Each structure stands twice: as C-alpha cells, then as structure tokens.
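Read through the structure below, which is laid out as structure tokens, and then see the notes.
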Amino acid sequence: MNGPDAQDPRPTPLPGPPRVGDRAPYLALPDQHGEVVTLADAVHERAALLVFFPFAFSPICTGELLEVQLDIDRFANDRVQVHGISCDPVRSLRAWAAREGYRFPLLSDFWPHGETSRAYGVFDEREGRPGRGTFLVDTDLTVRWTLVHGPDDERPVGLLHEAVRAL
C-alpha cells in the first residue's frame, strides 16, 4: 500500500468523541503486562467495551472498575471484552490490577501521552488525562454506543450493562 496510510494507520483525531455509527479511531496500546493490544485484534471475535478513566488508584476510578470486576462475566465473555484505558504507565496499571484483582486488560496511553484519548475526544489537555469516556465497538470497528462523563462524575455501570445487552 502506498501513501500516508501505509506508514500510519491512525486517522486524524475527531473534533469530539466518536458518535454511534462512526468508525472507531485507531488504537494500539500496551496492556498492564506490556503486550500491545490493537483495536482490530481486540474486536477480532467479539466487541470491545473501551472504558477511559483519569487515574489508576483514584477513588472514583477504583470504584467504577471494581463494579465492572464484580460483574465481570457480563463484561468479559464470548460477546464482549472490557478494556480499561488511562494515561498511567504500564507498571502503575500492573500494580493497580494486581492490588484490585482486575481480570481484564488495562491499557496504557502513557506515550505518546494521551494520543489515543485525544483520538477518542476525551483527553483533557489542561489536566493531562482522559475523562470518563466509554465506547462499545463492534467487530466491524463501528462505534455502537457511547457515554462521556466529566472526570469527577462517576458513570452509572448499569448503563454499561444495558449497552452490552443490546449488542
């Protein structure tokens, strides 16, 4: 393949979060074990629920992801896999996952800092971290559901359940 897409498959960031029906922005990030996860690989056989959060170890983020973990069979099964995403370094995410017992991938958008969060329209330039964006992406790389909250507003996990059920 020739042209700019041959070197860089990433699209130009959208002016805001992707909307339902949009093609999901490119994603290639290391998980808490350092293994790179691409969105294309993540949705190869099942949908991906991308859960952007501001900071590992913070009270609201810990509470939200623990709610996901407590009901993990709804969020990690043969239809969907949840992926938490923050700008924390891989080692911090690994320590946090071990401490909290998370059994789903935590992806690090640490470097280039916030690049994926920007592509999904949830990066806060002033604070240097993502907000609480949630995107359900199907196996065709199409956004099927979105929910975006501010960094201090806990997202209702019940809405995530509804989105996954509607797949």
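The values are calculated or read from the model by the stated rules, or taken from the named source; none is laboratory data. Computed from a prediction, not measured in an experiment: that's the story for all the values here. Every residue, glycine among them, receives a Cβ derived from its backbone with ideal geometry; neighbour counts consider all protein chains shown. With ligands, DNA and RNA removed, areas are computed over all heavy atoms of the protein, side chains included. Shrake-Rupley method; radii C 1.70, N 1.55, O 1.52, S 1.80 Å.
Points worth noting:
- Carbon + sulfur, % of accessible area of segment 18-64 - ligands and nucleic acids excluded, 1.4 Å: 54
- Label positions at Asp152 and Arg165, each projected 7 Å from the Cα along the C-beta direction, are separated by 3.2 nm.
- Gaussian network model of the chain, springs between alpha carbon atoms under 10 Å - residue of Glu35, Glu127, Glu154 with greatest fluctuation: Glu127
- For the peptides 96-104, 62-70, residues were scored by their other Cβ atoms within 10 Å and the scores averaged per peptide; the highest-first order is 62-70, 96-104.
- Rounded if a/c under 1.5, otherwise prolate or oblate - segment 99-144, Cα gyration tensor axes: oblate
- Values of log10 I(q)/I(0), in the order q = 0.08 Å⁻¹, for the chain under a Debye, Cα-only, solvent-free model: -0.20
- Accessible surface, the chain, averaged per residue in Å² (probe 1.4 Å): 51
- Most mobile of Val43, Val157, Val148 in a GNM of the chain (Cα contacts under 10 Å): Val157
- Thr146 accessible area, assembled protein chains, probe 1.4 Å, Å²: 50
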